1. Are there any pairs with C-beta distances below 8 angstrom linking a residue in the range 19-30 that is in contact (Cβ under 8 Å) with a residue 60 or more places away in the chain to a residue that is surrounded by fewer than 22 Cβ atoms within 10 Å (Cβ to Cβ) and in a helix (DSSP H, G or I), with the two at least 6 apart or on different chains, and if so which?
2. Any chance you could count how many residues in the range 176-218 are away from the ligand (no atom under 16 Å from the Cβ), of a type outside the set (Val, Ile, Thr) and under 16 Å from the mean Cα position of the chain (by Cα)?
3. Looking only at the range 210-225, decide whether some residue is charged (D, E, K, R), free of Cβ contacts under 8 Å to residues at least 40 places away in the same chain and open to solvent by 20 Å² or more (accessible area, probe 1.4 Å).
4. Is it true that residue 59 is surrounded by fewer than 19 Cβ atoms within 10 Å (Cβ to Cβ), touching a residue at least 24 places away in the same chain (Cβ under 8 Å), assigned to a helix (DSSP H, G or I) and out of contact with any Gly (no Cβ under 7 Å at 6 or more places or on another chain)?
5. If you check every pair at least six apart or on different chains, which have Cβ atoms under 8 Å apart with a residue in the range 177-197 that is open to solvent by 40 Å² or more (accessible area, probe 1.4 Å) first and a residue that is in a strand (DSSP E or B) and among the aromatic types (Phe, Trp, Tyr) second?
6. Pick from the range 117-138 the residues that are out of contact with any helix residue (DSSP H, G or I) (no Cβ under 6 Å at 6 or more places or on another chain) and part of a loop (DSSP other than H, G, I, E, B): which of them is farthest from the ligand (Cβ to nearest atom)?
7. Every residue in the range 27-53 that is open to solvent by 50 Å² or more (accessible area, probe 1.4 Å) and within 13 Å of the ligand (Cβ to nearest atom), please.
8. From the residues in the range 62-84 that are open to solvent by 10 Å² or more (accessible area, probe 1.4 Å) and among the hydroxyl-bearing types (Ser, Thr, Tyr), which one is nearest to the ligand (Cβ to nearest atom)?
Amino acid sequence: MIKPPRVLTIAGSAAGGSAGIQADLKTFQELDIYGMSVITAIVARHPETDKNVHPQSMEAIEAQFATAMKQVGFDVIKTGMLFSIEVIEKVAELIEQTSMTQVVVDPVMVGKLDSKLLKDDAIAALQAKLIPLATIITPNMPEASILLGGRELNHVEDLKQAAIDLHDLGPKYVLVKGGKLDGPAVDVLFDGKQLTTFEAPRIDTVNTSGAGCTYSAAIAANVAKGKSIQEAVLLSKSFVTTAIEHGFTYTEMVGPTYHAAERLRGEAHPIKVRTS
Ligand code: PXL
């Protein structure tokens with residue numbers, strides 16, 4: 001009997017299918033992971049109002065977590081959109097109650113289609129309650145900047161210092177993603193001692209919705225398969241770069257990355273790795 005490794009994603013549902021829970025589950029399937037989900041909020045714009053975040057109740061969140069744990073159990077937990085202090089505190093409490101040691105925290109704050117995915121007053125709870133439980137956090141440049149009190153980040157050297165400073169919040173590893181740099185897409189990993197950069201060419205596309213979710217989901221998947229964090233980041237950077245390269249759209253809206261691209265292409269995207 002083949003039993004694939006298990007990953008639970010605790011995140012928002014993105015009705016358009018490009019990001020959030022949907023991107024996570026597609027990524028897990030591509031990487032032969034048994035995926036499960038706890039939906040914290042449903043993101044979908046109400047046609048007659050501006051309301052586009054529909055938070056789920058604490059009861060629903062707890063029930064989903066308990067069901068996944070009881071029916072299946074998990075090897076790795078990944079968190080994405082959490083939205084409020086209440087949810088962050090609940091999720092931290094649930095994680096602490098398990099013997100779970102591997103936790104990938106993607107500190108999701110704002111979606112590409114302009115949804116506010118984390119309330120302003122919830123930043124402190126993320127810093128104090130959840131990030132210290134993380135094996136790895138995966139902020140992009142705006143998220144890293146906000147977690148550092150609004151520091152400006154422009155160059156790879158700024159990302160390196162940001163990774164070093166964010167490590168003080170307590171995660172084992174910090175990956176600051178350079179998707180918004182000028183020039184190549186360089187991500188910086190810090191393990192408390194050593195900095196490693198992962199460089200991919202910049203791909204000229206607007207169809208990158210869900211790229212961050214896909215990247216962190218792939219990291220969770222590779223960690224569940226027993227890869228080291230260094231190796232998991234390398235494999236996942238390659239996976240997401242190929243997915244971005246083959247991004248597409250069905251409408252005039254910003255479209256998704258192509259989760260099946262690496263499998264269909266049959267090879268990993270080359271990534272330059274440097275350690276300092
Ligand atoms: O891409 C970030 C993201 C994460 N989670 C949910 C989202 C989005 C972007 O729209 O909707 C639920």
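1. 30/263
2. Number satisfying all stated conditions: 3.
3. Looking only at the range 210-225, we keep the residues that are charged (D, E, K, R), and these are 225.
Checking which are free of Cβ contacts under 8 Å to residues at least 40 places away in the same chain leaves us with none.
Checked the range 210-225: no residue is charged (D, E, K, R), free of Cβ contacts under 8 Å to residues at least 40 places away in the same chain and open to solvent by 20 Å² or more (accessible area, probe 1.4 Å).
4. Values: surrounded by fewer than 19 Cβ atoms within 10 Å (Cβ to Cβ): yes; touching a residue at least 24 places away in the same chain (Cβ under 8 Å): no; assigned to a helix (DSSP H, G or I): yes; out of contact with any Gly (no Cβ under 7 Å at 6 or more places or on another chain): yes.
It is false that residue 59 is surrounded by fewer than 19 Cβ atoms within 10 Å (Cβ to Cβ), touching a residue at least 24 places away in the same chain (Cβ under 8 Å), assigned to a helix (DSSP H, G or I) and out of contact with any Gly (no Cβ under 7 Å at 6 or more places or on another chain).
5. Once the first residue is open to solvent by 40 Å² or more (accessible area, probe 1.4 Å) and sits in the range 177-197, its partners that are in a strand (DSSP E or B) and among the aromatic types (Phe, Trp, Tyr) give 191/173.
6. Per the stated criteria, the residue is 135.
7. 42, 45, listed by residue number.
8. The selected residue is 84.
The values are calculated or read from the model by the stated rules, or taken from the named source; none is laboratory data. Please read these numbers as outputs of a predicted model, since none were measured by experiment. Note that we place each Cβ from the backbone using ideal geometry, even for glycine, and neighbour counts take in every protein chain shown. Accessible surface areas use protein heavy atoms only, side chains included; no ligands, DNA or RNA. Shrake-Rupley method; radii C 1.70, N 1.55, O 1.52, S 1.80 Å.
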